[in-house]
Amino acid sequence: MASIPDPVPAAAGGLPDARGHFGRFGGRFVAETLMAPLEALTEAYERHLRDPAFLSELDRDLAHYVGRPTPLYHAERWSRRLGGARIYLKREDLTHTGAHKINNTVGQALLARRMGKTRVIAETGAGQHGVATATVAARLGLRCVVYMGEVDVERQAINVYRMRLLGAEVVPVRSGSRTLKDALNEALRDWVTHVDDTFYIIGTVAGPHPYPAMVRDFQCVIGREARRQILEAEGRLPDALVACVGGGSNAIGLFHPFLDDREVALWGVEGAGEGIGTGRHAAPLSAGRPGVLHGNRTYLMQDADGQILETHSISAGLDYPGVGPEHAWLKESGRARYVAVTDEEALEAFHDLTRTEGILPALESSHALAWAMRLARELGPDGLIVVNLSGRGDKDVHTVARREGITL
Amino acid sequence: MNRIDRRFETLRAAGRRALVPYLTAGDPDPALTVPLLHAVVEAGADLIELGVPFSDPMADGPVIQAACERALGRGMSLRRTLELVARFREDDAATPVVLMGYLNPIEAMGCEAFAAAAAEAGVDGVLTVDMPPEEGEALGAALRARGLHPVYLLAPTTPSDRIRRICDAAGGFVYYVSLKGVTGSDALDTEAVARRVAAIRRQTTLPIGVGFGIRDGASAARVACFADAVIVGSALVRRVAEAGPQRAVAAARALVAELRAAMDGACVQGEARAG
């Protein structure tokens, strides 16, 4: 079973185009020094994607190191309790390191090694992508530096220590809002300085071309498995897919293999933080407008002068003012719909799933669960929903406890 | 005729190299920007590069990042940057001003509206760091329609055929980034830069500026031997920041004068490019 080159669904229109555009979104907006390295990366990626040896190595790693396929679990008791549609959970939380991020870092690290790079760098918000990068770097013997906003270093202390145990250097970023967007800036600065020996492993479907396409292709294993699994389990396609959207890699990974299945509704769920109306949120697709940041044109949270705004979400992994350009395009084309749920609603879903199914979801994934709760009631008992449970919630227990006034 | 073209023509006739200081608009305070600009011109600047502050200056090192934060913290914006240029123009009709910044604030204003406002304010060229020519058609056309030059970067990693394409899209001059890194980096290898500049010169008749990593008279003098323009950013921004608001203008004047003196004494005529 070759991993990647499933035919690109026709609904995707073969996007992106040769210059990395999804409609008017995407592209390659970087300083000149990075243009040639991005061209070299695109060339290498497209070549290895057609190399059976590369694909079989990737398949082997996904099966034996990551632990794929992940189960598609029927959350029967939770579904019954909600009194609506049958809800299935795609259990990305059961992968090695506990989140979907590893699907992508395994792929990019293999590519880095084939390109002769000896050093990898990454940005991270919640720390899941940083951990997933440090993990594959340790396994392949690559030097690893992870950039993380100082605010995130504080609220995700366990992941910081995990990365250090894995041999990575974690660099706290003190510029700007000291969160994920600033970590991305700093990683780009590192890359431009060490471009000869360094591979930049971007963790989401954003950044300059080819990253949005490449990360999507590595994450599409989620949707390919889920599509096969739901057909086996139910004999039909689901009515709706639900996934949280920060940068949007777990969502695109689930959605993409279903793009041609027009009867399947696609719901991306952003972080509404304290509420869209308060301005304190992380929902560029719901409340932002198009602009250019971090190498691509997409929806952004920005002020009238085009300065990027600080974001607010209880979930560090959603705390990002931009979003992958393919999501911007899916929104504009109407194929996917994007909504936002608040910190409160996400926490409620977090507790609800934990108590009824014995599964502790990541706060990011809890946003998708919250929307699925609402959708399940709307669709009724004949409905069928697949939710991407993109990561496990162990990393978030401190955040939840603090929120409830408990000191651990 | 665009002020940039006129200025390079005059310099070429005189066998001189352009000194181009960079300052971030609104740093350390919006009230100081116009006095700073006049001071660097009096001290020997031939062109001015004026940075438009951006919240996420990805290609800049810590010195210019901090300058952007200071300026934004004092309410600076693209619109107010243009107001400062207009005020500078009231007393200086000759010195070319090139804006250097990132694309998003320009797109937020709209390419056409920005080009019109920039021309009105007296801007002569626009260098948009994160906009390669492949993505620059709309802004480039809007700028050219107003007589402004789109200025583009060339890098150590830029392949030969791409240099030609970038130079074809550029106006005024091209800006060679002397090293792989962000603004204010160390380790300028002057000989390697000289070879690259010679290679670029085979592809274009545009003047070639060199920047990133030039920090004092000695490095400016070495670069002046083979480049048409010497661009000094982080070193000047740092000097201004260290001096504090009271002494910022004097500090900027002193550094620019030092650079000017070093460049003018650098090369005997025969060494420099004939033009």
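Quick notes
- Among the conditions (1) within 14 Å of chain B (Cβ to nearest Cβ); (2) of a type outside the set (Phe, Trp, Tyr); (3) open to solvent by 10 Å² or more (accessible area, probe 1.4 Å); (4) over 22 Å from residue A:145 (Cβ atoms), the only one that residue A:27 does not satisfy is (3).
- Complete set of residues in segment A:356-390 that are within 22 Å of the chain's Cα centre (by Cα) and assigned to a loop (DSSP other than H, G, I, E, B): A:359, A:360, A:362, A:390
- Of all residue pairs spaced 6 or more apart or on separate chains, those with beta-carbon atoms under 7 Å, a first member in segment A:260-284 that is touching a residue at least 24 places away in the same chain (Cβ under 8 Å) and a second member that is open to solvent by less than 30 Å² (accessible area, probe 1.4 Å) and among the basic types (Lys, Arg) are A:266/A:335.
- Members of segment A:160-178 found to be over 29 Å from residue B:69 (Cα atoms) and in contact (Cβ under 8 Å) with a residue 12 or more places away in the chain, listed by number: A:162, A:163, A:166, A:167, A:168
- Segment A:332-345: number of residues that are part of a helix (DSSP H, G or I) and within 17 Å of the chain's Cα centre (by Cα): 0
- The residues on offer are A:318, A:360, and the sole one that is open to solvent by 10 Å² or more (accessible area, probe 1.4 Å) and of a type in the set (A, V, I, L, M) is A:360.
- Residue A:315 closer than 30 Å to residue A:401 by Cα, away from chain B (no Cβ under 14 Å), in contact with an Asp or Glu (Cβ under 9 Å, 6 or more places away or on another chain) and among the hydroxyl-bearing types (Ser, Thr, Tyr): yes
- In segment A:55-70, the residue that is farthest from residue A:241 (Cα to Cα) out of those that are in contact (Cβ under 8 Å) with a residue 60 or more places away in the chain, assigned to a loop (DSSP other than H, G, I, E, B) and open to solvent by 10 Å² or more (accessible area, probe 1.4 Å) is A:68.
- Residue within segment A:295-308 that is surrounded by fewer than 18 Cβ atoms within 10 Å (Cβ to Cβ) and in contact (Cβ under 8 Å) with a residue 24 or more places away in the chain present: no
- Among the candidates A:289, A:280, residue that is touching a Phe, Trp or Tyr at 6+ places or on another chain (Cβ under 7 Å) and surrounded by fewer than 24 Cβ atoms within 10 Å (Cβ to Cβ): A:289
- Of note, residue A:353 satisfies the criterion of being over 15 Å from the mean Cα position of the chain (by Cα), open to solvent by less than 10 Å² (accessible area, probe 1.4 Å), modelled with pLDDT of 95 or more and within 28 Å of residue A:132 (Cα to Cα).
- Single match in B:41, B:85 (criterion: out of contact with any helix residue (DSSP H, G or I) (no Cβ under 8 Å at 6 or more places or on another chain) and more than 14 Å from chain A (Cβ to nearest Cβ)): B:41
- Among residues that are in contact (Cβ under 8 Å) with a residue 12 or more places away in the chain, over 30 Å from residue B:146 (Cβ atoms) and open to solvent by 30 Å² or more (accessible area, probe 1.4 Å), residue B:238 is included.
- Qualifying positions in segment A:172-226 - open to solvent by 20 Å² or more (accessible area, probe 1.4 Å) and touching a Phe, Trp or Tyr at 6+ places or on another chain (Cβ under 6 Å): A:180, A:186
- The one condition from (1) within 10 Å of another protein chain (Cβ to nearest Cβ); (2) open to solvent by 10 Å² or more (accessible area, probe 1.4 Å); (3) not charged (D, E, K, R) that residue B:119 does not meet is (1).
- If the condition is being open to solvent by 10 Å² or more (accessible area, probe 1.4 Å), touching a helix residue (DSSP H, G or I) at 6+ places or on another chain (Cβ under 8 Å) and within 17 Å of residue A:250 (Cβ to Cβ), then segment A:94-122 contributes A:96, A:97, A:100, A:101.
- Residue in segment B:147-157 that is away from chain A (no Cβ under 12 Å), over 12 Å from residue B:204 (Cα atoms) and either in contact with a Leu (Cβ under 6 Å, 6 or more places away or on another chain) or open to solvent by less than 30 Å² (accessible area, probe 1.4 Å) (or both) present: yes
- Neighbours by Cβ (under 6 Å, 6+ apart or cross-chain): first from segment A:104-118, of a type in the set (Ser, Thr, Tyr); second open to solvent by 10 Å² or more (accessible area, probe 1.4 Å): A:118/A:197
Each row is one residue, and each column tells you yes or no for (1) basic (Lys, Arg); (2) within 24 Å of residue A:236 (Cα to Cα); (3) surrounded by fewer than 16 Cβ atoms within 10 Å (Cβ to Cβ).
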{"site": "A:369", "(1), (2), (3)": "no, yes, no"}
{"site": "A:378", "(1), (2), (3)": "no, yes, yes"}
{"site": "A:392", "(1), (2), (3)": "yes, no, no"}
{"site": "A:395", "(1), (2), (3)": "yes, no, no"}
{"site": "A:402", "(1), (2), (3)": "yes, no, yes"}
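- Residues of segment B:201-220 satisfying the condition of being buried (at least 21 other Cβ atoms within 10 Å of the Cβ) and part of a helix (DSSP H, G or I): B:220
- Helices (runs of 4 or more DSSP H) fully within segment A:133-196 counting 3 or more residues that are within 14 Å of chain B (Cβ to nearest Cβ) and in contact with a strand residue (DSSP E or B) (Cβ under 6 Å, 6 or more places away or on another chain): A:180-193
- Test: residue in segment A:293-309 that is more than 14 Å from chain B (Cβ to nearest Cβ) and in contact with a Gly (Cβ under 6 Å, 6 or more places away or on another chain): no
- All positions within segment B:11-26 that are among the charged types (D, E, K, R) and under 16 Å from the mean Cα position of the chain (by Cα): B:17
- Evaluation of residue B:177 against the conditions (1) open to solvent by 20 Å² or more (accessible area, probe 1.4 Å); (2) within 14 Å of chain A (Cβ to nearest Cβ) shows that the sole unmet condition is (1).
- For the residues B:138, B:187, the requirement of being within 14 Å of chain A (Cβ to nearest Cβ), free of Cβ contacts under 8 Å to residues at least 40 places away in the same chain, open to solvent by 10 Å² or more (accessible area, probe 1.4 Å) and in contact with a Cys (Cβ under 9 Å, 6 or more places away or on another chain) singles out B:138.
- Among (1) within 14 Å of chain A (Cβ to nearest Cβ); (2) surrounded by fewer than 24 Cβ atoms within 10 Å (Cβ to Cβ); (3) more than 21 Å from residue B:252 (Cα to Cα), the one test that residue B:131 misses: (2)
- Scanning segment A:321-350 for residues that are among the hydroxyl-bearing types (Ser, Thr, Tyr) and either open to solvent by less than 10 Å² (accessible area, probe 1.4 Å) or within 18 Å of residue A:368 (Cα to Cα) (or both) turns up A:338, A:342.
The values are calculated or read from the model by the stated rules, or taken from the named source; none is laboratory data. The structure presented is a predicted model; accordingly, all values stated were derived computationally and were not measured. Cβ atoms come from the backbone with ideal geometry, glycine included; neighbour counts cover every protein chain shown. Please note that ligands, DNA and RNA were not included when accessible areas were found on the heavy atoms of the full protein model with its side chains. Shrake-Rupley method; radii C 1.70, N 1.55, O 1.52, S 1.80 Å.
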